[in-house]
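Colleague: Below: one structure in structure tokens.
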Amino acid sequence: MSGWAIFARAAVLGMALAIVPGPIAASERIDLAARELLDTHNRERDRLGIAKLEWSDALSRDAQQWAEHLAQRGSLAHSSFDARNGAGENLWMGTARAFRLHEMIDLFIGEKNLYRHRPFPDVSTTGNWTDVGHYTQIVWRETRQVGCGIAEGSNGEVLVCRYYPSGNYRDQLAY
């Protein structure tokens, strides 16, 4: 996995220093950050009996570039479906260094409290599918890969996760 922003974020959080004895190479810190992001996604998929996602370096590189763009811009906006080569996309922004990586993903997963298991877009108890759209992308049965990027800007920290194949297709169940 590439992405110095994830490495820097992992270093600031002191990730894995207690897990791996001795000095940790930069590539190992990056791998540990990717592992935390991937494991958090897969815990929810495991709970539902859905196949685990695999980490994609290509999705992560693309997500990192978009995260850096959004951090510089200071606000969230989805990239176009074509620009992300048909990948799904979850976006998050918050106070820099105030959230652990798994907490960012857990906020997406928390949308399950509003989720109802019906064909998309009738998937939210609020009547608005966007209230659960991050969650449904994470648990979309056909999705097989994920890659994330993190960047910090003047308005906070941005997380972008990309998913392939994308989810949230009309008249289909998430899982």
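Okay, residues lined up against (1) part of a helix (DSSP H, G or I); (2) modelled with pLDDT of 95 or more; (3) closer than 24 Å to Tyr135 by Cβ; (4) among the β-branched types (Val, Ile, Thr):
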{"site": "Ile19", "(1), (2), (3), (4)": "no, no, no, yes"}
{"site": "Asp31", "(1), (2), (3), (4)": "yes, no, no, no"}
{"site": "Thr40", "(1), (2), (3), (4)": "yes, yes, yes, yes"}
{"site": "Gln72", "(1), (2), (3), (4)": "yes, yes, no, no"}
{"site": "His78", "(1), (2), (3), (4)": "no, yes, yes, no"}
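Colleague: Residues in the range 108-132 that are in contact (Cβ under 8 Å) with a residue 24 or more places away in the chain, more than 11 Å from Leu159 (Cβ to Cβ) and open to solvent by less than 10 Å² (accessible area, probe 1.4 Å): how many?
Modeller: Of the residues in that region, 1 qualify.
Colleague: Okay, moving on. Is the range 48-68 home to any residue that is in contact with a helix residue (DSSP H, G or I) (Cβ under 8 Å, 6 or more places away or on another chain), exposed (fewer than 15 other Cβ atoms within 10 Å of the Cβ) and in a helix (DSSP H, G or I)?
Modeller: yes
Colleague: To continue, here is another question. Please specify each residue of the range 152-175 satisfying the condition of being of a type in the set (A, V, I, L, M) and either open to solvent by less than 10 Å² (accessible area, probe 1.4 Å) or modelled with pLDDT under 95 (or both).
Modeller: Val158, Leu159, Val160, Ala174 - these are the residues of the range 152-175 that are of a type in the set (A, V, I, L, M) and either open to solvent by less than 10 Å² (accessible area, probe 1.4 Å) or modelled with pLDDT under 95 (or both).
Colleague: Can you pull out every residue in the range 77-107 that is open to solvent by less than 20 Å² (accessible area, probe 1.4 Å) and of a type outside the set (Ser, Thr, Tyr)?
Modeller: Hits for the range 77-107 are Gly86, Ala87, Gly88, Glu89, Asn90, Leu91, Gly94, Leu101, Met104, Ile105.
Colleague: Please give the number of the condition Glu89 fails out of (1) in contact with a helix residue (DSSP H, G or I) (Cβ under 9 Å, 6 or more places away or on another chain); (2) assigned to a helix (DSSP H, G or I); (3) modelled with pLDDT of 95 or more.
Modeller: Just one mismatch for Glu89, condition (2).
Colleague: If you go through the range 92-129 one residue at a time, how many are among the basic types (Lys, Arg) and not in a loop (DSSP other than H, G, I, E, B)?
Modeller: Within the range 92-129, residues that are among the basic types (Lys, Arg) and not in a loop (DSSP other than H, G, I, E, B) number 1.
Colleague: Is it the case that the range 152-163 has a residue that's closer than 18 Å to Ala51 by Cβ, assigned to a loop (DSSP other than H, G, I, E, B), in contact (Cβ under 8 Å) with a residue 24 or more places away in the chain and under 13 Å from the mean Cα position of the chain (by Cα)?
Modeller: No: zero hits.
The values are calculated or read from the model by the stated rules, or taken from the named source; none is laboratory data. This structure is a prediction, so every number in the text was calculated from the model and none was measured. Positions of Cβ are backbone-derived with ideal geometry, glycine not excepted, and every protein chain shown enters the neighbour counts. In case anyone asks, the SASA skips ligands and DNA or RNA and just uses the protein heavy atoms, side chains included. Shrake-Rupley method; radii C 1.70, N 1.55, O 1.52, S 1.80 Å.
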